[in-house]
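> Could you have a look at this structure, given as structure tokens, before my questions?
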Amino acid sequence: MPRPPVTSETFASPLHDRRAAAWLGLSLGIAFTTCFLTGLLSHLIQYPPGWFAWPARPAGLYRITQGLHVATGIAAVPLLLAKLWVVYPSFWSWPPLRTVTHAVERISLVPLVGGSLFTLFSGVANIARWYPWHFNFPATHYWVAWITIGGLVAHIGAKLPVSAEVIRRRRPADAPADVEHAGLSRRGLLGAAFAASGLLTLVTLGQTLRPLDRLGFLAPRRPKNGPQGLPVNKTATGAKVVDAANDPEFRLTVKGRGVTRPLSLTLADLRAMPQHEAVLPIACVEGWSSTATWSGVRVRDLLELAGAKKGSTVRVESLQPRGAYRASTLNEHHAADVDTLLALDLFGEPLHIDHGFPVRLIGPNRPGVLQTKWVTRLVVK
Ligand SMILES: Nc1nc2c(c(=O)[nH]1)N[C@H]1C(S)=C(S)[C@@H](COP(=O)(O)O)O[C@H]1N2
Ligand SMILES: [Mo]
């Protein structure tokens, strides 16, 4: 085979070295695994298979797991870029495929590198609410994550012995000292990658950690921006519910196979029922979260009034005519929880229309997308 003009030996920088690759690889492995597992959990909660029922307690658990998902994804961006820069000479290694193991290892780089770039880019774009694509984000992000993790498992299998050896060993005495080379040293590169990673994470975490709020200048949602001191993702105008929400004929109905006494209640009827207060966060899948004091009617009280059986699940439907988030389901734990409310008030005042006036669902330990606004119907299964 003729030798190509560019091979791995063309790149002689000491930065492209195995120690840097191993340390970056270890950090990326931890970040990706955490990001994948928390993402998988979020997917299970939103599209639960029969064997899975996400508990209602602890109330703030999803806020933590999803905060971790977004934080580890963001932290991985500078690490991945540094890692690709460190290892790109080996993409030109010659001959391209030496043995079967070498072939498997190299082919697994296609899903690994392609998948990593795709999931990180689409995730960050989603947080920034920028959708430069036409595919369904959650489904594509989810499936590409599996492909990426497949590539990662193969890659770790291939590289673990070498990397573990490199990391365990101290720097050999005869290794070329960094200072001999002009430009960025290997330590400098590693330091810069880790610093960028930490800083990016810190300035984005302001969207979920109140003490970091003032640092959160990269966070698109801040805990206190928005009407009634709470961020809004979908406005009433955007959801096309303004007229229906302000209609004096508004009714909340409770119906379905699981109900013996169907209900149709006015806003005044709801206000006349026992009111309960709960301090609960909105924890958006995009990573921002914010705690608020809500009050309204317990879903379990309504179910009891309607004669629903214990352990019922409930579909909560919005006035919103269209859209993926116009309805959500309460599993038996969420439907029965004392803090799962159809809220009428936020911080002691009637809900702002962008927060779901006249009635919204709020419950413990639920992703923001499942806290349905402008609720008009409960369908008991
Ligand atoms: N009907 C309806 N409810 C909805 C949504 C929606 O698009 N339509 N968006 C959800 C999302 S993604 C989040 S994070 C929360 C945001 O609640 P907030 O606007 O009151 O802060 O509402 C949820 N409820
Ligand atoms: Mo959300």
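> Peptides 120-129, 260-269: what's the order by average Cβ count within 10 Å, highest mean first?
120-129, 260-269
> After finding the eigenvalues of the alpha carbon gyration tensor for region 8-215, what semi-axes result from the square roots of 5 times each, listed largest first in whole Å?
The answer is 33, 22, 16 Å, longest axis first.
> Okay, next question. Hey, can you rank 313-319, 252-258, 47-53 by average C-beta count inside 10 Å, highest first?
Going from most to least packed, we get 313-319, 252-258, 47-53.
> Counting Lys +1, Arg +1, Asp -1, Glu -1, what net charge surrounds residue 261 among other residues with beta carbon under 12 Å of its beta carbon?
Local charge sum for residue 261: 0.
> Can you sort 45, 156, 107 so the residue with the fewest Cβ neighbours within 10 Å comes first?
Least to most surrounded, the residues fall as 107, 156, 45.
> Which of 68, 189, 330 moves the most in a Gaussian network model of the chain with Cα springs under 10 Å?
Result for the chain, Cα springs under 10 Å: 189 fluctuates most.
> So which residue, out of 30, 362, 353, gets the largest mean-square fluctuation from a GNM of the chain using Cα contacts under 10 Å as springs?
In the Gaussian network model the winner is 30.
> Among the lysines, which fall within straight-line cross-link reach of residue 373, defined as a Cα-Cα distance under 24 Å, with same-chain neighbours fewer than 8 residues apart omitted?
Within reach: 224, 234, 240, 255, 381.
> Would you list which lysines come within 29 Å of residue 83, measuring only between C-alpha atoms, while excluding same-chain residues fewer than 8 positions from it?
Once the sequence-local lysines are set aside, what remains near residue 83 is 159.
> Please give, to one decimal in nm, the separation of the simple spin-label points placed at residue 37 and residue 85, each 7 Å out from Cα toward the Cβ.
Modelled inter-label distance: 3.0 nm.
> Among 165, 105, which comes first, second and so on when ranked by fewest other beta-carbon atoms within 10 Å?
165, 105
> Only Cα pairs under 8 Å and at least 6 apart count here; give the relative contact order of the chain as a rounded whole percent.
19 percent
> Ok, one more. Apply the membrane-span-like helix rule to the chain: whole DSSP H runs, Cα extent along the own long axis of at least 24 Å, mean Kyte-Doolittle hydropathy at least -1.0. List the helices found.
For the chain, where a helix must reach 24 Å along its axis and average at least -1.0, the hits are 18-46, 61-87, 109-127, 137-168, 186-205.
> Report the label-to-label distance for residue 164 and residue 97 in nanometres (one decimal), using points 7 Å from each Cα along the Cα→Cβ vector.
2.8 nm
> Relative contact order for region 1-160 using alpha-carbon pairs under 8 Å, separation at least 6, rounded to a whole percent?
Relative contact order, region 1-160: 31 percent.
> At 222 nm, what value in deg cm²/dmol follows for the chain if DSSP H runs of at least 4 each add -39500 (n - 2.57) and the sum is divided by all its residues, to the nearest 500?
-14000 deg cm²/dmol
> Out of all DSSP beta bridges in the chain, what portion is antiparallel? Express it as a percent rounded to 5.
Antiparallel bridges make up about 90 percent of those DSSP assigns within the chain.
> Next question. If you rank 194, 32 by fewest surrounding Cβ atoms within 10 Å, what's the result?
In increasing order of surrounding Cβ atoms, one gets 194, 32.
> Something else: What is the Cα centroid distance between region 306-381 and region 259-303, reported in whole angstrom?
Here the answer is 6 Å between Cα centres.
We did not get these values from a lab; they are worked out from the coordinates using the rules stated. Small disclaimer: the values here were computed from a predicted structure and weren't measured. Note: ideal-geometry Cβ built from the backbone for every residue, glycine included; neighbour counts use all protein chains shown.
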